[in-house]
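The values are calculated or read from the model by the stated rules, or taken from the named source; none is laboratory data. Because the structure is predicted, anything quoted here is derived from the model rather than measured. Glycine gets a Cβ as well: all are built from the backbone with ideal geometry, and neighbour counts include every protein chain shown.
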Amino acid sequence: MKTMTKKWLEFAKRDLKDAETLFKSKSWESSILHAHQAVEKTLKAILAERNLPIRKTHDLEGLAGDTKINLPSAVLGFIEELNSYSILQSGSLS
């Protein structure tokens, strides 16, 4: 595994841990934000490992497409739903 891939996955694991902690404390919006970040960084790890360009975006659906992996429909559905809840996608923080 490439060094850059490992770094992206380390960041993703931290975000996932934070999402789980926030979920347990019923901090739903913050949990969703960290879950989104965990998936985003995991997708970017895949791109790094495959030597594909990593765009500066928070669009999970676009990043999933960039990986060129045929993901199962359940995974794509989860990505689509998570993307729709993203504060970053909705422009609330712009």
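Computed values, structure above
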| read-out | value |
| --- | --- |
| Among the residues listed as A19, A48, A38, the single one being over 11 Å from the mean Cα position of the chain (by Cα), closer than 20 Å to F78 by Cβ and at pLDDT 95 or above | A19 |
| Test: residue in region 60-71 that is at pLDDT 95 or above, surrounded by fewer than 19 Cβ atoms within 10 Å (Cβ to Cβ) and among the hydroxyl-bearing types (S, T, Y) | yes |
| Near pairs, Cβ below 6 angstrom, 6+ apart or cross-chain, from region 9-27 (over 17 Å from E40 (Cβ atoms)) to any residue that is surrounded by 13 or more Cβ atoms within 10 Å (Cβ to Cβ) | F23/S31 |
